[in-house]
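The values are calculated or read from the model by the stated rules, or taken from the named source; none is laboratory data. Predicted model, so just to flag it, every value in this text is computed and none were measured. No Cβ is skipped: glycine too gets one built from the backbone with ideal geometry, and neighbour counts run over all protein chains shown. All accessible areas refer to the heavy atoms of the entire protein, side chains included, with ligands and DNA or RNA removed. Shrake-Rupley method; radii C 1.70, N 1.55, O 1.52, S 1.80 Å.
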Amino acid sequence: MSKADNMLSILWLLKTGRRMTAKQLADTLEIHVRTVYRYIDALCASGVPIIADSGHNGGYTLPDHFIEAPLFFDLDEQKALIHAAIFAKEAGYPFGEALDSAVSKLKLYTNQEQLHHIQRNERGFDVIHPPPNPALESILQELQRSVADGNTLSMAYQKGRDPSPQVRDVDPYGLVYWKNKWYVVGYCHLRCEIRSFRVDRIQHVSRTDASFQPPEEFSARQFFMQNLLPDAEKKKLVSVRIEGNPHAIRDLCEHWLFGYTLVERSEGEARFQLDEQSLWGYVPYFLLPYGRAIQVLEPKLLRDRMVGVAKALLAHYETE
């Protein structure tokens, strides 16, 4: 461990309230006793009130008021970090090993009461996601580092229908996790515009010698969502009214698309603003699974499109 890690570890060990000798600290951290003395001196110089008792049963301790005060996180903050770690790992967070190490330190360098509290809140808290693809870990790590460091990347990208991957240089501005998939948003030198790329379609990525500065106050999330949602300034939006049982209406309003385009709602009815292209394209397929639990009141365009999609699906399954 680094000097900073060792000094923090000494502080955590003393925060448990135990009296520990320099040799006990050295054995626990697997460092030399003289190194412990230097770290203790450095901690004292930085303002940590370490008490040194000499003689038999002597050792280092911290005052009670310092032990009772949270070092960095109180109990609720520790619980929140543990829960956040569970979410991150299930989402395929690329620095899982470092995350496990941080959680282990949190558990190791705490007192018994705090550890019991952490363990109680860790039990029965589960997050269910599709299993993350371990092959993406190294690519996500490189992407995140390049976003932070401002390095232009060369990547082999396999588009959905292309027979072979295409190599392109990209300035990565940010990573977005959406609907169980990772995306990187950045400036594509091939297309000369900002675009988003699915990480699971990146076959290879490597740093180039070039660097970049992202646009000021650029938000990868905002860019990504703007490309998903209808733009009222560029497209003519159509009013969509849907009625149904309260459970179906509530569920529909929580959908990623309908939730963002919701104008008004009551217990059994909701009104949205969607562009005509979406109504003709994917919106009917979002609504079909609700079956008879909902009814499209307007526009007629969407009602007719729902009928057409349903007939085509029926014909598909009636074909021998």
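Here are the numbers for this structure:
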quantity	calculated
Pair list, Cβ < 6 Å and 6+ apart or interchain, from the range 242-254 residues that are open to solvent by less than 10 Å² (accessible area, probe 1.4 Å) to residues that are part of a helix (DSSP H, G or I)	Ala248/Tyr290; Ala248/Ala293; Leu252/Phe258
Residue that is free of Cβ contacts under 8 Å to residues at least 12 places away in the same chain, within 30 Å of Gly174 (Cα to Cα), surrounded by 15 or more Cβ atoms within 10 Å (Cβ to Cβ) and out of contact with any Gly (no Cβ under 9 Å at 6 or more places or on another chain), where the choices are Leu274, Leu262, Leu237, Leu257	Leu262
Leading residue by the ranking (modelled with the highest pLDDT) among those in the range 223-234 that are open to solvent by less than 60 Å² (accessible area, probe 1.4 Å) and under 14 Å from Ser278 (Cβ atoms)	Leu228
Members of the range 171-201 found to be within 12 Å of the chain's Cα centre (by Cα) and hydroxyl-bearing (Ser, Thr, Tyr), listed by number	Tyr177, Tyr183
Members of the range 149-166 found to be at pLDDT below 90 and charged (D, E, K, R), listed by number	Lys159, Arg161, Asp162
Qualifying position, being within 20 Å of Leu108 (Cα to Cα) and either of a type in the set (A, V, I, L, M) or open to solvent by 60 Å² or more (accessible area, probe 1.4 Å) (or both), among Asp5, Asp27, Asp41	Asp27
Counted residues, the range 1-58 - those being part of a helix (DSSP H, G or I), polar (S, T, N, Q) and farther than 24 Å from Gln114 by Cα	1
Pairs, first free of Cβ contacts under 8 Å to residues at least 60 places away in the same chain in the range 1-16, second of a type in the set (Phe, Trp, Tyr), C-beta under 7 Å, six or more apart	Asn6/Tyr39; Met7/Tyr39; Ile10/Tyr39; Leu14/Tyr60
Unmet criterion (only one of (1) over 30 Å from Lys300 (Cβ atoms); (2) open to solvent by 30 Å² or more (accessible area, probe 1.4 Å); (3) touching a residue at least 12 places away in the same chain (Cβ under 8 Å)) for Ala220	(2)
Any chance Gln295 is within 30 Å of Val185 (Cβ to Cβ) and either among the polar types (S, T, N, Q) or at pLDDT below 95 (or both)	no
Strands (runs of 3 or more DSSP E) within the range 100-215 that include 2 or more residues of a type in the set (Phe, Trp, Tyr) and open to solvent by 30 Å² or more (accessible area, probe 1.4 Å)	166-178, 181-188
In the range 290-314, the residues that are open to solvent by less than 50 Å² (accessible area, probe 1.4 Å) and hydrophobic (A, V, I, L, M, F, W, C)	Ala293, Ile294, Val296, Leu302, Met306, Val309, Ala310
All positions within the range 75-87 that are of a type in the set (A, V, I, L, M) and open to solvent by less than 30 Å² (accessible area, probe 1.4 Å)	Ile82, Ala85
